[in-house]
Each structure stands twice: as structure tokens, then as C-alpha cells.
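Take a look at the structure set out below.
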Amino acid sequence: MFDLSSVQDAIKENGVDGWLLYDFRGLNILARRIVGIPEQAHTTRRWFYFVPAKGEPKKLVHRIEQGVLDHLPGKASPYLKWQELEAGVQSLVAGCKKIAMEYIPRNANPYVSRVDGGTIELVKSFGVEIVSSGDLIQEFEATWDDSQWTMHLEAATHTRTAYDVAFAFIAEQIRSRGFVMETEVQQRIMKHFEKNGLVTDHPPIVGQGPHSGDPHYAPGPGSDAKIQKGDFVLVDLWAKLNKPRAVYSDLTRVAFVGSEVPEKYAKIFNIVAAGRDAGINCVKQAYAVNRPLQGWEVDQATRDVIEKAGYGQYFCHRTGHSIGQETHGNGANMDNLETREERRVMRRTCFSIEPGIYLPEFGVRSEVNVYVDKDGKVHVTGGEPQTEVHRIVGC
């Protein structure tokens with residue numbers, strides 16, 4: 001529910017005169033969520049909602065969709081002609097020097113840049129400076145309440161035990177028939193999710209050998225591989241409780257089918273784990289002294305370890321992503337590779353830390369979830385971080 005007082009407090013904290021929310025036909029899903037328009041709601045015309053740092057909000061809506069923002073505080077002004085729309089926008093921002101919108105200069109962060117360039121040009125033409133609403137979005141879209149934190153912990157219990165189930169299944173199948181297909185392990189994990197009331201937007205990744213070296217490999221019938229003795233296996237899985245407003249748990253672990261892990265696997269795993277732990281420590285150290293922290297810093301702390309070990313070119317994705325009601329949420333990512341993430345790592349937000357090294361023969365990723373609670377305490381969820389390559393024995 002839209003809470004005007006809380007939104008205005010956040011606007012003041014961000015040092016802007018107001019927040020101009022805008023959407024056309026669902027292009028700005030962030031704005032729609034902030035104002036409480038359901039994703040399935042059918043809107044065909046442009047609407048604007050301006051929330052000043054102080055005072056009553058103002059709405060600009062099309063005449064044939066005048067009720068689209070009726071659930072929000074503030075007076076509505078209808079428009080029909082394009083000239084009326086432009087005059088209406090000018091009226092919304094009159095008297096303002098600096099406002100926030102879903103915009104990033106040079107589209108440096110496409111997760112936030114949801115407003116088209118023409119609309120930005122229109123607003124700027126009225127003498128207003130536009131800054132990013134990235135941290136405002138986080139405050140109202142990416143933060144969790146206590147019930148979501150509780151649901152995450154429950155989901156994390158079941159995602160963690162999914163590895164026990166998967167690795168035991170691999171051992172049993174190899175013992176009884178000599179191999180198991182990647183998709184069969186995938187299906188076994190899905191049964192575990194169903195049994196424990198979890199849902200997911202995509203089945204887990206189960207990658208054997210070279211498939212583990214592809215960060216976004218997805219096994220499918222006819223294209224998956226056999227897992228046998230002596231194989232290296234990566235399992236990346238994510239799920240949430242099948243309840244309203246539930247949030248995800250997203251973990252990755254690796255294993256070797258055999259009693260002795262070859263040095264080539266152990267060496268790469270240890271480098272990845274050290275990078276993961278450096279990222280976790282970066283967050284903990286910042287919050288220990290209450291220092292503002294941006295997402296790019298966590299990525300760089302992690303990446304420095306892997307680059308120093310000589311494997312930087314094989315770490316081909318960001319360190320982590322925001323986690324929410326979607327696997328990839330709308331808060332700050334841990335990224336200084338694909339984008340320079342300058343949004344803050346905020347309290348009551350969750351994100352993954354998941355460095356990887358991907359070689360032609362095999363790839364290693366180690367993923368944990370990190371949650372910063374309202375008091376600034378940093379939690380790593382999904383069980384203790386993996387400290388060595390798991391050995392699948394008894395097969």
C-alpha cells in the first residue's frame with residue numbers, strides 16, 4: 001500500500017524536491033509497483049504522478065483513463081491533446097529544481113532506467129534537473145518486512161536440503177545403473193520443491209563437466225549429459241514459498257563424484273570461495289562501522305581476489321543480484337562489470353554473492369544469499385557457505 005508519509009520522508013532523505021513517477025502501457029514496472037497498479041491492469045495511456053517532498057501529490061491522467069490513479073492521494077488533472085499533456089507535465093514540476101525519476105545518465109544501469117529518452121527531454125525542457133530514483137525504488141520495492149524475512153529463511157532451509165536430496169539421488173542412480181542424466185537430477189529437485197511447498201520461475205541448473213563451465217546452461221531432454229563416476233557437477237537452484245509476497249532463496253554448490261577431489265577442481269574452488277568470502281566481508285566491514293556501501297564495491301572486492309589469482313577473464317558475470325519476489329529483484333546488484341552499481345546496499349535488502357570461474361573443461365560457482373537486517377546485522381543464509389568441493393561417495 002502506498003504510504004505518502006514514508007515516501008515523502010525518503011524523498012527528503014534523498015535531497016530532491018520530488019519524485020515524478022511515469023508509465024506508458026507497463027514500460028515502467030517499477031513505477032507501477034510503487035503506486036500499486038497491478039501488473040495485469042490494462043492501461044493504454046500515459047500517466048504521471050508527482051510526489052513533492054512536502055505537500056499534496058499531483059496526478060496527470062488521460063481523459064479516457066481518469067480513474068487509473070484514484071486510489072492515491074492528490075488531485076488529478078485530465079489531459080486529451082498532446083499540448084495539454086506537455087503543459088500538464090510542466091505544471092507538475094513547476095517550482096522544482098531537482099527531481100527523481102527512473103533514469104540513469106547514459107543508461108548506465110538498465111535495471112533502473114525505465115523512462116524513455118523523449119520523456120526525460122520533455123521534463124528537462126522545463127528547467128528541472130533529473131536524478132536517479134534508484135535508491136528510492138529500493139526503499140519501497142526491494143526492502144523486506146519481517147514476514148518476508150521469515151519466509152526467506154524457511155525457503156532457504158528447503159533449498160539447502162535440496163542438495164542433500166540431489167547428491168544422494170546421484171549416488172543412488174550411479175550405484176544402481178552406472179549413470180544419471182542431468183535432467184533426472186533436475187526433476188528430483190523439483191519434486192523436493194513441490195513436497196516442501198516451494199515454487200520457482202525456472203527449473204534448476206544441473207551441469208556436468210563442460211556444462212558447468214557455461215554460466216547459464218540449462219539442461220533439457222535430448223541435450224543433457226550423463227553424470228558418472230569421476231565427473232564434476234554444478235547445481236544452481238532457486239525457489240520461494242508458494243505464498244503471497246514470498247521471496248526467493250538462490251544457492252549454488254559444486255560436487256565431485258568420487259572419494260578424492262582432483263587438485264584441478266579443488267584449486268579453482270578455493271579461489272572462488274576466497275572471492276565469495278571477500279565479498280561477504282566487504283559488506284560486514286562496511287556495516288560494522290556504519291559506512292555507506294555501494295554495490296560496485298562488493299563486486300570489486302570479490303573480483304580483485306579472482307583477478308589476483310590470474311583468472312579474471314574467466315569470471316564473466318557480476319558478483320551478485322538483488323533478490324526479492326523475483327529471483328532477480330529490483331534492488332542494488334553487486335556489479336562493477338556489466339554496470340557500475342552506485343545504488344546503496346541498503347538495510348532490509350537481500351542479494352546474492354556468487355563469483356565463478358568458467359573454464360572449457362569445467363566451471364565453479366559458489367553462491368550464498370546475504371541479508372542486511374533493519375539493525376545493520378549481516379546474515380548469510382542457506383546454511384554455512386561451502387568450504388570444499390562436496391564428494392559424492394557410496395556409488
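Selection of the range 279-296 for residues being open to solvent by 40 Å² or more (accessible area, probe 1.4 Å) and not in a helix (DSSP H, G or I) yields V289, N290, R291, P292, Q294.
Which residues, taken from the range 226-250, are of a type outside the set (S, T, N, Q), in contact with a strand residue (DSSP E or B) (Cβ under 7 Å, 6 or more places away or on another chain), open to solvent by 20 Å² or more (accessible area, probe 1.4 Å) and not in a strand (DSSP E or B)? Correct list: K229, G230, D231. Only residues that are out of contact with any Phe, Trp or Tyr (no Cβ under 6 Å at 6 or more places or on another chain), open to solvent by 40 Å² or more (accessible area, probe 1.4 Å) and not acidic (D, E) were counted in the range 56-75, giving 7. Within the option set R318, R276, being in a helix (DSSP H, G or I), among the charged types (D, E, K, R) and either open to solvent by less than 30 Å² (accessible area, probe 1.4 Å) or more than 21 Å from Y371 (Cα to Cα) (or both) holds for one residue only, R276.
For the range 355-364, does any single residue satisfy the condition of being in a strand (DSSP E or B) and closer than 26 Å to V247 by Cβ? Before you say what the answer is, go through the steps one by one.
Taking the range 355-364 first, the residues in a strand (DSSP E or B) are 356-358, 363-364.
From what's left, closer than 26 Å to V247 by Cβ: 356.
The answer is yes, given that some residue of the range 355-364 is in a strand (DSSP E or B) and closer than 26 Å to V247 by Cβ.
Highlighted here are the helices (runs of 4 or more DSSP H) found entirely within the range 79-194 that include at least 3 residues which are of a type outside the set (F, W, Y) and either crowded, with 20+ Cβ neighbours inside 10 Å or at pLDDT below 95 (or both): 82-93, 134-137, 146-177.
Just to be sure before I move on: is L72 in a helix (DSSP H, G or I) and more than 30 Å from M334 (Cβ to Cβ) in the structure I sent? Spelling it out, it is not the case that L72 is in a helix (DSSP H, G or I) and more than 30 Å from M334 (Cβ to Cβ). Name the residues in the range 28-52 that are closer than 21 Å to E84 by Cβ, surrounded by fewer than 18 Cβ atoms within 10 Å (Cβ to Cβ) and not β-branched (V, I, T), would you? Listed by number, the list holds a single entry, R45.
The values are calculated or read from the model by the stated rules, or taken from the named source; none is laboratory data. Keep in mind that this is a model prediction, so the values were computed, not measured. With ideal geometry, Cβ positions are generated from the backbone for all residues, glycine too; neighbour counts draw on all protein chains shown. What goes into the accessible areas is simple: the full protein's heavy atoms, side chains included, and nothing from ligands, DNA or RNA. Shrake-Rupley method; radii C 1.70, N 1.55, O 1.52, S 1.80 Å.
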